[in-house]
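Worksheet: the structure to be examined is printed underneath.
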Amino acid sequence: MTDEGFIRTAKKSAAIRSVMRRPWKRLLCFVGLTLALASLSQEIPADNPLRAPDGIKDRNALWKRVGRVCAPATIAGAHPPSPCTEVPGQGAHDGYAILKDQIGRYQYLVIPLDRISGVEDPVLQTARSPNYFARAWAARSYVEAALHGPRARDQLMLAVNSRYGRSQDQLHIHIDCVRTDVHRVLQRLLPGLGNQWQRLAEPLPPFGHAYDARWVDGASLSVDPFKSLAAVLPAGDAMDLHGLAVVGARAPDGRPGFILLSTKATFNPGNRGSAEELEDHQCAIAGESFHADTVIPLPTRHHESPHETVSSKEAILLGPP
């Protein structure tokens with residue numbers, strides 16, 4: 001450093017020390033720094049996703065249970081392959097686990113046996129990747145068993161959280177009931193939906209977050225929501241910011257179908273892309289009416305009763321992913 005540069009640095013240091021010796025100026029500096037950091041935290045996505053709930057810090061806990069416990073138990077012929085309820089399919093690329101979540105009496109999870117981090121994983125965009133949402137919709141029969149009977153398709157839904165709204169780094173699809181207030185809004189907006197993604201005319205409860213949506217015809221889910229959303233994301237957008245949901249529905253003319261939903265993590269005001277927010281783990285909508293519009297056989301594998309399929313011994317000891 002030159003003598004001139006040294007002198008300039010010394011003068012700056014002296015000025016800073018002078019300011020910091022004055023209490024009221026120290027306070028102003030502290031307040032200014034705090035506001036600047038707060039502003040940055042709202043504009044810049046968090047480097048780390050949300051901490052796992054209930055003190056769980058292992059973001060691979062779900063994978064360890066499925067990949068290291070359920071899958072080997074299935075190969076060994078255990079029925080059920082505890083802690084999972086069932087492990088259908090063959091091999092890592094085709095197999096998946098059905099697991100009772102600890103949260104709620106009715107919520108189940110579908111988890112691939114393939115090592116897939118989440119919504120952003122490139123493998124979900126490959127031709128070999130199964131439609132995991134379709135498999136989760138078929139697995140809704142476990143939720144119906146816990147509810148003691150088939151339910152109307154518009155009472156049930158599936159959800160995947162964004163990278164910033166999840167606690168586990170293994171893809172898992174939540175299967176549960178849709179919130180009653182969300183159901184009311186979707187029924188009102190349903191006539192305006194088409195087969196292209198569009199912004200919903202109004203935000204969705206419970207937090208008023210904006211959602212994009214599209215309609216898909218069919219009793220079974222023929223469209224892969226991961227691929228459908230990725231195909232329309234603009235340049236500069238990223239899948240890891242998006243939560244995805246699939247809600248069973250019927251068109252105004254009675255045709256069965258699905259409403260695909262996506263919300264994007266913005267971090268301001270507090271949206272981390274958690275599509276699971278649309279689910280009601282208490283399943284209040286199931287108590288409002290009973291309508292079996294599609295008779296789906298309840299799970300009877302291994303001679304389990306509906307009550308046994310939701311027993312605590314099969315519940316994952318993990319908070320909501």
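Residues in region 90-124 that are more than 27 Å from Lys264 (Cα to Cα) and of a type in the set (S, T, N, Q): Gln90 only.
Kindly establish whether Leu113 is closer than 22 Å to Val66 by Cβ and surrounded by 18 or more Cβ atoms within 10 Å (Cβ to Cβ). In short, yes.
Taking the criterion of being assigned to a loop (DSSP other than H, G, I, E, B), open to solvent by less than 30 Å² (accessible area, probe 1.4 Å) and either of a type in the set (Asp, Glu) or modelled with pLDDT under 95 (or both), no residue of region 168-194 qualifies.
Looking only at residues in region 206-230 that are in a loop (DSSP other than H, G, I, E, B) and open to solvent by less than 30 Å² (accessible area, probe 1.4 Å), the one that is farthest from Ala275 (Cα to Cα) is Gly218. Scanning region 139-160 for residues that are part of a loop (DSSP other than H, G, I, E, B) and either open to solvent by less than 10 Å² (accessible area, probe 1.4 Å) or without any contact (Cβ under 8 Å) to a residue 40 or more places away in the chain (or both) yields Ala139, Gly149, Ala152. Residues that are in contact (Cβ under 8 Å) with a residue 24 or more places away in the chain number at least 2 in the following helices (runs of 4 or more DSSP H) confined to region 50-120: 61-65, 91-94. Only one of the listed residues (Thr85, Thr126) is among the β-branched types (Val, Ile, Thr), over 16 Å from the mean Cα position of the chain (by Cα), surrounded by 20 or more Cβ atoms within 10 Å (Cβ to Cβ) and modelled with pLDDT of 95 or more. That residue is Thr85. Of the set (1) touching a Cys at 6+ places or on another chain (Cβ under 9 Å); (2) within 17 Å of Arg68 (Cβ to Cβ); (3) surrounded by fewer than 20 Cβ atoms within 10 Å (Cβ to Cβ), all apply to Arg105 but (2). Residues in region 88-97 that are more than 23 Å from the chain's Cα centre (by Cα) and either crowded, with 20+ Cβ neighbours inside 10 Å or modelled with pLDDT of 90 or more (or both): 0 in all. Summed over region 220-236, the residues that are without any contact (Cβ under 8 Å) to a residue 12 or more places away in the chain and acidic (Asp, Glu) give a count of 0.
Examine region 195-203 for a residue that is open to solvent by less than 30 Å² (accessible area, probe 1.4 Å), part of a loop (DSSP other than H, G, I, E, B), of a type in the set (Asp, Glu) and in contact (Cβ under 8 Å) with a residue 12 or more places away in the chain, and state whether such a residue exists. No.
The values are calculated or read from the model by the stated rules, or taken from the named source; none is laboratory data. Keep in mind the model is a prediction, meaning the values are calculated, not measured. Quick reminder, even Gly has a Cβ in these numbers, built from the backbone with ideal geometry, and neighbours come from all protein chains shown. These accessible areas exclude ligands, DNA and RNA; they are computed on the full protein's heavy atoms, side chains included. Shrake-Rupley method; radii C 1.70, N 1.55, O 1.52, S 1.80 Å.
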